[in-house]
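To start, the structure under review is shown below, and the notes come after it.
The values are calculated or read from the model by the stated rules, or taken from the named source; none is laboratory data. Computed from a predicted model, the values in this text were never measured in an experiment. Quick reminder, even Gly has a Cβ in these numbers, built from the backbone with ideal geometry, and neighbours come from all protein chains shown.
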Amino acid sequence: MFEYLVLEKAEPLSSLNLNFMQTLEQIAKQVKNCQKCDLYKLAKNPVLGEGNQNAKIMFIGEGPGAKEDELGRPFVGQAGQLLSKLLALASLKREDVYIANVVKHRPPNNRDPLPDEVAACWPYLEQQIMIIKPKIIIPLGRHAMARFIPIGTISKNQGRVFRREIKNLGKLYFYPIYHPAAALHQPSLYRDLENAFKRLPAVLKKVEVN
Ligand code: URA
């Protein structure tokens with residue numbers, strides 16, 4: 001039986017009320033020049049995201065780490081290597097999905113992004129979601145989850161399907177899971193992560209027909 005949780009009382013996420021649709025290339029240019037918070041000052045490269053622009057599945061991490069900052073690409077460090085291995089459990093490759101982050105510039109020393117940094121960066125992520133129109137969003141870890149699912153803990157919510165309305169996009173499905181970096185530090189989480197990826201094709205099928 002397929003079960004998902006509907007966040008009926010959740011506040012709709014802020015929206016830009018865009019008059020026109022931008023392209024990912026236009027957003028990349030804006031992010032390159034973005035000074036809406038201080039993260040750009042220490043970062044080497046912004047990391048907008050990458051992958052299939054028609055992806056049904058969109059992964060959203062927290063923010064670029066050292067390797068990502070160096071290369072300007074998401075999830076290319078150790079956590080990214082694990083993500084690629086986990087994708088294979090769902091018979092997926094990186095090119096099949098779209099991968100983005102909540103903040104586009106690296107927080108110094110990989111600290112958690114601050115609420116005002118997350119808020120400043122939100123319009124970029126919002127536009128990415130509008131363009132990709134994924135069937136399901138997979139927030140990686142508690143910070144990305146908190147942006148969309150404002151209830152519960154990651155350990156309680158991981159592997160569960162949520163449905164929430166986003167202005168301009170209608171209802172979207174969310175499937176929060178542990179951040180791969182968490183499993184690198186705490187191998188006991190690996191099994192849940194592995195199971196979540198093994199279930200992903202079935203979850204996607206269900207949300208597509210719902
Ligand atoms: N961790 C993240 O949350 N994002 C990345 O791009 C890399 C590591």
Of all residues making up the range 142-184, the number that are over 20 Å from TYR4 (Cβ atoms) and either surrounded by 17 or more Cβ atoms within 10 Å (Cβ to Cβ) or at pLDDT 95 or above (or both): 7
Take the residues in the range 68-94 that are more than 9 Å from the ligand (Cβ to nearest atom) and among the polar types (S, T, N, Q), then tell me which one is farthest from the chain's Cα centre (by Cα). SER91
Scanning the range 41-67 residue by residue, those of a type in the set (D, E, K, R) and under 15 Å from the mean Cα position of the chain (by Cα) turn out to be GLU50, LYS56, GLU62
Residue check, ALA119 against (1) at pLDDT below 95; (2) within 12 Å of the ligand (Cβ to nearest atom); (3) over 21 Å from ALA182 (Cβ atoms); (4) of a type outside the set (Ser, Thr, Tyr), all met but one. Which one? (2)
Flag if LEU42 is of a type in the set (A, V, I, L, M, F, W, C) and surrounded by fewer than 21 Cβ atoms within 10 Å (Cβ to Cβ): yes
Lone qualifier among ALA181, ALA202 - being of a type in the set (Gly, Ala, Ser), part of a helix (DSSP H, G or I) and within 16 Å of the ligand (Cβ to nearest atom): ALA181
Mind telling me which of the residues LEU193, LEU189, LEU83, LEU172 ends up being touching a helix residue (DSSP H, G or I) at 6+ places or on another chain (Cβ under 8 Å) and closer than 21 Å to ARG73 by Cα? LEU83
What about PRO107, is it within 16 Å of the ligand (Cβ to nearest atom), under 21 Å from LYS67 (Cβ atoms) and crowded, with 18+ Cβ neighbours inside 10 Å? yes
Taking the range 162-210 as the region of interest, how many residues are free of Cβ contacts under 8 Å to residues at least 40 places away in the same chain and farther than 22 Å from SER91 by Cα? 6
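Do any helices (runs of 4 or more DSSP H) lying entirely in the range 103-166 carry at least 3 residues that are over 30 Å from LYS206 (Cβ atoms), and which ones are they? Step through it out loud before you land on a result.
Numbers: elements: 115-132, 141-148, 154-157.
Hits in the range 103-166: 115-132.
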In the range 21-39, residue surrounded by the most Cβ atoms within 10 Å (Cβ to Cβ) [restricted to those that are among the hydrophobic types (A, V, I, L, M, F, W, C) and touching a helix residue (DSSP H, G or I) at 6+ places or on another chain (Cβ under 8 Å)]: LEU39
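Kindly indicate whether any position in the range 54-65 is in a helix (DSSP H, G or I) and more than 8 Å from the ligand (Cβ to nearest atom).
The first filter runs over the range 54-65 and keeps only residues in a helix (DSSP H, G or I), leaving none.
There is no residue in the range 54-65 that is in a helix (DSSP H, G or I) and more than 8 Å from the ligand (Cβ to nearest atom).
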Failed condition for GLN35, given (1) more than 16 Å from the ligand (Cβ to nearest atom); (2) in contact (Cβ under 8 Å) with a residue 12 or more places away in the chain; (3) in a loop (DSSP other than H, G, I, E, B), with all others met? (2)
